[in-house]
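The values are calculated or read from the model by the stated rules, or taken from the named source; none is laboratory data. Because the structure is predicted, anything quoted here is derived from the model rather than measured. FYI the Cβ positions are ideal-geometry reconstructions off the backbone, even for glycines, and counts take in every protein chain you see. Just the protein is used for accessible areas: all its heavy atoms, side chains included, with ligands, DNA and RNA removed. Shrake-Rupley method; radii C 1.70, N 1.55, O 1.52, S 1.80 Å.
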Amino acid sequence: MIKLYMHTVVIIIMKDGYNPFQTTGINFFRHCDEMIQVVYLGAFLERIEPGALIFFQRLDGLFWMGRVWPELFWFELEKPITVMEGPPCQGSCRL
């Protein structure tokens, strides 16, 4: 008798400092030499760094990704995403 075992291997590429288990407050991580902030529901930023890349969580758990300015939020993508889906690296940076 031959037994066949199937294994699923999941490889998660971690962004430097990103904690996928954090679900409240504000999470900071570095990705491609850029500091990124994740703002979860109910949290707020005390200070805005002009041009910073930020994820704001929606009620459905997805995030709007964009850059913040003193009077503007510039959407980087047309649709909400998960934190692990973005942001893409630009140039020669690799995960």
Checked the stretch 32-52 for anything closer than 16 Å to M84 by Cα and touching a residue at least 60 places away in the same chain (Cβ under 8 Å); matches are C32
Given the options D16, D60, D33, name the one that is among the acidic types (D, E) and at pLDDT 90 or above. D60
Residues located in the stretch 53-65, provided they are touching a strand residue (DSSP E or B) at 6+ places or on another chain (Cβ under 7 Å) and either open to solvent by 30 Å² or more (accessible area, probe 1.4 Å) or farther than 16 Å from E85 by Cα (or both): F56, Q57, R58, L62, W64
Of the residues in the stretch 19-52, those that are among the hydroxyl-bearing types (S, T, Y) and open to solvent by less than 50 Å² (accessible area, probe 1.4 Å) come to Y40
